[in-house]
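Notes for the one structure printed next.
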Amino acid sequence: MTLAVEPVVDHSSGAAGTQPQGSEFTPLLRTVKSQDLLERRTGWYVRNIALNALSLAAVGTGMALIGGSWWVLALAPVLAVLCARTAFVGHDAGHAQITGNRAVSRVIGLIHGNLLLGMSYSWWNDKHNRHHANPNHIHKDPDVAADVLVFTSKQAATRSGFRRWLTRNQAWLFFPLTLLEGLALKLYGFQDLRRQPPRERAVEGLLLVAHVIGYVTLLLTTMPLGHALAFAAIHQALFGLHLGMAFAPNHKGMEMPDPDGERWGHLRRQALTSRNIKGGALTDWFLGGLNYQIEHHLFPSMPRPHLRLAQPLVKAHCRDLGIPFTETGLVDSYRQALRHMYEVGEPLRME
């Protein structure tokens, strides 16, 4: 998901940051434009947003009908998957993939992020923009900043106390920790309200509070308290796990630019730090198109259904230039990411 700040700089539009004429990226950009792959697919998004909304309504109806039975817990995993679909729509809105109208994109993001998920669209957009601008850059990408997890041996060496224990065991703890990600994203959104300007803060805060009230009301009016607590625990844990499974394969274990070394151009900066995931329609659906991570990073505003069409063009262009194009299966991508985290924590385990 993503929001109210400026959309991610689109290197396909000639905006600031686009590589100069004659760069490695320029011929690829021309080819992609010539095939209209940057043209938006509003109708495709309208159909998917409508289907997701109807599915969410159906789950809510099911909760009301069987809330008195423990069988209602079977709907919690379904709701978790639909919430991930909702997050993917917010993500695409923040990248201006759905429409070029910033106001409309913001409304879509606020509805799908703040109101439906309780996740701040503005917070996510600010964080995600910085990630896209400098993926895997240890000083500029917030996704690889030392926090619960660390991604370099230098970061690991500074850990102490409980965080040191976390780093020693982070490969084993990664997926268990993602069970808390859904709640953590909500907390980050509320914390970020202090950063936002007054008008934006009022809108974002109101919608975040509306989500909490609506979610609690839905649970308590459709099922007994015990059912509601169990339902919320399963739903939030699986939602966080789903997001973790969608985002984990993308960059972890890939190249990390040397802050003091040679500066890469746009093509190398995005391709060398990103990993694609092989698969068919089911993989596209499950990962929300993020399995085409290289194409997405090269062309942030490219609509999701066009990413698979751009992939052979990008792959061929990278091959011609001798630039590695990393692509692997879903399970192997997790293995590579976890192996990287394991190796980062290894010096601490040898003490």
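The values are calculated or read from the model by the stated rules, or taken from the named source; none is laboratory data. Bear in mind the structure is a predicted one, so any value in this text is a computation, not a measurement. Every residue, glycine among them, receives a Cβ derived from its backbone with ideal geometry; neighbour counts consider all protein chains shown.
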Would you mention how many residues in the range 194-220 are hydrophobic (A, V, I, L, M, F, W, C) and farther than 14 Å from LEU110 by Cα?
6
Checked LEU241, LEU220, LEU229 against criteria (modelled with pLDDT of 95 or more, out of contact with any strand residue (DSSP E or B) (no Cβ under 8 Å at 6 or more places or on another chain) and either within 22 Å of ARG85 (Cβ to Cβ) or surrounded by 21 or more Cβ atoms within 10 Å (Cβ to Cβ) (or both)); the one match is LEU241
Okay, helices (runs of 4 or more DSSP H) sitting entirely in the range 87-204 with 2 or more residues that are over 14 Å from the mean Cα position of the chain (by Cα), over 23 Å from SER274 (Cα atoms) and touching a residue at least 60 places away in the same chain (Cβ under 8 Å), I get 102-109, 161-168, 181-192
With criteria (1) at pLDDT 95 or above; (2) in contact with a Lys or Arg (Cβ under 9 Å, 6 or more places away or on another chain); (3) of a type outside the set (Asp, Glu), PRO259 comes up short on (1)
State all residues of the range 1-25 that are buried (at least 16 other Cβ atoms within 10 Å of the Cβ) and either modelled with pLDDT of 50 or more or under 30 Å from LEU82 (Cβ atoms) (or both); if no residue qualifies, say none.
MET1, THR2, LEU3, ALA4, VAL5, PRO7, VAL8, ASP10, GLU24, PHE25
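For every residue, the table says whether it meets (1) buried (at least 24 other Cβ atoms within 10 Å of the Cβ); (2) under 23 Å from TYR215 (Cβ atoms); (3) of a type in the set (Val, Ile, Thr).
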site	(1), (2), (3)
ALA93	yes, yes, no
THR99	no, no, yes
ALA103	no, no, no
GLY113	yes, yes, no
SER120	yes, yes, no
ASP126	no, no, no
ARG130	no, no, no
ASN134	no, no, no
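So that you can scan it fast, the table gives a plain yes or no per residue for (1) over 23 Å from ASP126 (Cα atoms); (2) not aliphatic (A, V, I, L, M):
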{"position": "VAL150", "(1), (2)": "no, no"}
{"position": "THR217", "(1), (2)": "yes, yes"}
{"position": "ILE234", "(1), (2)": "yes, no"}
{"position": "MET245", "(1), (2)": "no, no"}
When every residue in the range 246-286 that is in a helix (DSSP H, G or I) and in contact with a Leu (Cβ under 8 Å, 6 or more places away or on another chain) is compared, the one farthest from ASN136 (Cα to Cα) is THR283
